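Quick notes on the structure that follows.
The values are calculated or read from the model by the stated rules, or taken from the named source; none is laboratory data. This is a predicted model, so every value here is computed, not measured. Glycine gets a Cβ as well: all are built from the backbone with ideal geometry, and neighbour counts include every protein chain shown. For the accessible areas, the whole protein counts, side chains as well, though only heavy atoms, and no ligand, DNA or RNA atoms are used. Shrake-Rupley method; radii C 1.70, N 1.55, O 1.52, S 1.80 Å.
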Amino acid sequence: MDGTLVDTERLWWEVVEHVAAGLGRSLTEADEEDVLGRPVEHTAEMLSRATGAPFAEVAADLHREFAVRVRSGVAARPGALRLLDALAADGVPTALVTASPRAIADLVVEGLGAGRFAVTVTADDTPRTKPAPDPYLAACRALGVEPASCVAVEDTRTGVSSAEAAGCAVLAVPSLAPIAAAPGRTIRESLEDVTPAGLRDMITTREALEPSGRLDLSDPPEPSGLRELRVMSWNLWYGGTKVRHHREKQLKIILETGADVVGLQETYGTAARELADALGWEYHRAGENLGVISRYPITGRLGAADPGFYGATGVRVTLGADQDVVLWSAHLDYTPYGPYEASFDGLAAPELAAHESGRLGQMREILAAMGPDLAARDTTPVLLVGDFNAPSHLDRDDAEWPVTRAAAEAGLRDSFREAHPDPAGSPGHTWSPVHTEHEDGSGRPEPQDRIDYVLYAGAGLRVLDSRTLVTGTPRTWPDVEDNDWPSDHAAVITTFALGRERGPV
């Protein structure tokens, strides 16, 4: 509604700017994600947190000021009413999906003329509003159609994330803030030249995702059913905060991969919850660094509630009536970093192995915590994913590299190396897509290595495919803020077949 159908997004920004100024705070471009496309409560919480003003008073001021401006009259966006009339003439039902409250939405609809929409969904009508998929899913249910048969017309990044998370095709018509191009997303400057036929074409001929990075997304994977499980490990790099609009980019990447369960590191505390809320998934958070998100129910939480910055956390995920898996997400200490000592310091193999003792101790503690799960792996398959900050003994022979060897001795298999047995032909480097030179300014090439893993154990999993993923062409550090890829690590994604492999009958 706001900024797409009627020119209220600018009004909303002016309202927030006015209320914030009264609290002694000036809005900047960095505030766009907390204002544009957001419900009143979200923005009120942001201002309350930033200024110390009581939340209830801030929310009331925002509601009041916005209602005053809407009642004074709002103008339809160029082409909006003509497109609605053309859709009505073609018999295409439309729904209004907005993060504004019901009282404001009703004022706008009344001003435009009743009967233009078969359905209206507001911030008051679903437990979660944009960027979660809930409002678009509610609108599709009310219209009696599948999201894949719908086009969502949006003007903000928050709205685009909501619609794409629900499974709709998206026509983006930016109002105040730009919206990046993306596979499967159409961007127009206005609605003036948009027709019902053009919207139909978006449904029937969604442009194919182009190959990007190291995972071929030219044929975008559908969310896997219960015969397959797609597992992703991803170090988010300070939660993604080094890159602008990181949360939107993370959501898009997870959706495009079709991942079912994602083990996260460097979550910055809130990433697991925020990603899961937007996706409509379940999540587990452990301390400030570790988390897991899952499209399937998380039915058990394993390990310490706060394992510290380095350590591991686990979950039990129920995939169906008779199928569970256990997944642990781990992050090991990065110092001393073996590839630096090998490349820059020329340490010999015994010293390199000896300097892995800290990480080896951490891995042994993790394996001990996983002991009961590993013992039951043929009943309930087990996964250990994460950033080990250590090369694999399967990749390099210049030292013992005991961290991954300890995992292998505990019965865990390396899914990537199983899918790609030749380290020279398929190195699978995950460190680092944004560091090509060492950060000390010496100009020395940064050692590239595989330090992120999806390991597994149990007869119930069989590797179908394993890839590393980096989308786009990331610029190098420190010029990373506009990268499409919001991390300094590549992700690892493994697709497993579920169930024991059967021989011929």
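Summarising the amide proton neighbourhood of Glu400: residues at separation of 5 or more, or on other chains, whose placed amide H is nearer than 5 Å comprise Ala353. Only Cα pairs under 8 Å and 6+ residues apart enter the sum, and on that basis the relative contact order of segment 369-479 stands at 37 percent. Under 14 Å of direct C-alpha separation, and excluding same-chain neighbours fewer than eight residues apart, Lys242 reaches these aspartates and glutamates: Glu266, Asp479, Glu481, Asp482, Asp484, Asp488. Across segment 226-355, the relative contact order, built from alpha-carbon pairs under 8 Å that are at least six residues apart, equals 17 percent.
Taking only alpha carbon atoms, segment 342-381 gives an Rg to Rh ratio of 1.27, where Rh is the Kirkwood radius. In the list [x] 36.0, 130; [y] 24.8, 79; [z] 22.6, 67, the label attached to Rg and Dmax of the Cα atoms in Å as derived from the coordinates here is [y]. With both labels modelled 7 Å from their Cα along Cα-to-Cβ, the Leu464 to His438 distance reads 4.3 nm.
For segment 423-497, the carbon plus sulfur part of the accessible surface works out to 46%, probe radius 1.4 Å.
Straight-line reach from Lys130: which lysines fall under 16 Å, measuring Cα to Cα and dropping same-chain residues less than 8 apart? Qualifying lysines at Cα under 16 Å: Lys249, Lys252. Each peptide in 255-261, 436-442 was scored by the mean count of other Cβ atoms within 10 Å over its residues; highest first, the order is 255-261, 436-442. The modelled label-to-label distance between Ala118 and Ser190, using points 7 Å beyond Cα along the C-beta direction, is 2.9 nm.
Entry note, the chain: the mean residue ellipticity at 222 nm calculated from DSSP H runs of n ≥ 4, each adding -39500 (n - 2.57), is -9000 deg cm²/dmol after division by the residues and rounding to the nearest 500. Relative contact order, whole percent, for the chain stands at 12, derived from Cα pairs under 8 Å and 6 or more residues apart. Sparse packing (at most 12 other Cβ atoms within 10 Å of the Cβ) combined with a DSSP loop state is found for none of the GluC sites (Glu not before Pro) in segment 314-367.
Rolling a 1.4 angstrom probe over the protein heavy atoms with all chains in place gives the chain an accessible area of 43 Å² per residue.
Scattering from segment 27-95 was approximated by placing one identical point on each alpha carbon and applying the Debye formula without solvent; log10 I(q)/I(0) at 0.21, 0.23 1/Å stands at -0.92, -0.99.
Here r is the Cβ-Cβ distance between Arg301 and Asp90 and R0 is 51 Å; the resulting FRET efficiency, rounded to 0.05, is 0.50.
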